[in-house]
Ligand code: FES
């Protein structure tokens, strides 16, 4: 990370200085600012919050929503929590995987990256999903990819 970005992050994280309970908020702040949490940001957070890098890394890896690399142009999140599973989200995930979009590797294909999520607050319309933050209910692999391709144009 360049010196400029580190200094920016130090400024952004200043409200958390010396606060060991602020690791999660600091990680959110970095991801909100940069779109992901670069490895070197873990050191900045550790120094700012006065905790070890291992503590920051532990929180970072516990929550699957944090990403270590920049996101694709379009991020599709498919809910795989219980209510959506009961409505077929596993089939949606399997159909997406059959087309090359794996929620586990999160590898971007043609600018589209598919991830799993655990309850998006739209359980009544499961399988629920987000396409770049836009909610989609009664999702199918086809409806999600169509929406994603529209966003990626
Ligand atoms: S269980 Fe899928 S949105 Fe709540």
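Taken together, the values in this text are just the output of simple stated rules run on the coordinates, not laboratory data. Being a predicted model, the structure only gives us computed values, none of them experimental. Glycine also receives a Cβ, built like all others from the backbone with ideal geometry; neighbour counts cover every protein chain displayed.
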Roughly how many Å is it from the Cα centre of the stretch 107-153 to that of the stretch 2-67, as a whole number?
28 Å
If you fit an axis through the alpha-carbon atoms of helix 89-98 and take the longest principal axis of the Cα set of the chain, what angle between them do you get, 0 to 90°, nearest 10?
90 degrees
Measuring from the longest principal axis of the C-alpha atoms of the chain, the long axis of helix 53-62 (C-alpha) lies at a number of degrees, nearest 10, equal to 10 degrees
Could you tell me how many degrees, from 0 to 90 and to the nearest 10, lie between the Cα long axis of helix 23-34 and the main elongation axis, the longest principal axis, of the Cα atoms of the chain?
70 degrees
When the helix-only estimate is applied to the chain (DSSP H runs of n ≥ 4, each -39,500 (n - 2.57), divided by the residue count), what is the mean residue ellipticity at 222 nm, nearest 500 deg cm²/dmol?
-13500 deg cm²/dmol
If the chain between residue 36 and residue 6 were fully extended at 0.36 nm per residue, the gain over the current Cα-Cα distance would be 9.4 nm
Please report 60, 36 as a ranked list, fewest other C-beta atoms within 10 angstrom at the top and most at the bottom.
36, 60
Listing 16, 118 from the residue with the fewest other Cβ atoms within 10 Å to the one with the most, what is the order?
118, 16
The orientation-averaged projected area of the Cα convex hull of the stretch 74-152, in nm², is 4.1 nm²
Between residue 61 and residue 19, what's the calculated FRET efficiency when r is the beta-carbon distance and R0 is 22 Å? Round to 0.05.
0.60
In this structure, the FRET efficiency calculated for residue 98 and residue 150 from their beta-carbon separation, with R0 = 22 Å, to the nearest 0.05, is 0.55
Let me test this: with uniform point scatterers at the alpha carbons of the chain, what is the Debye-based log₁₀ I(q)/I(0) at q = 0.08, 0.19, 0.21 1/Å?
-0.27, -1.03, -1.13
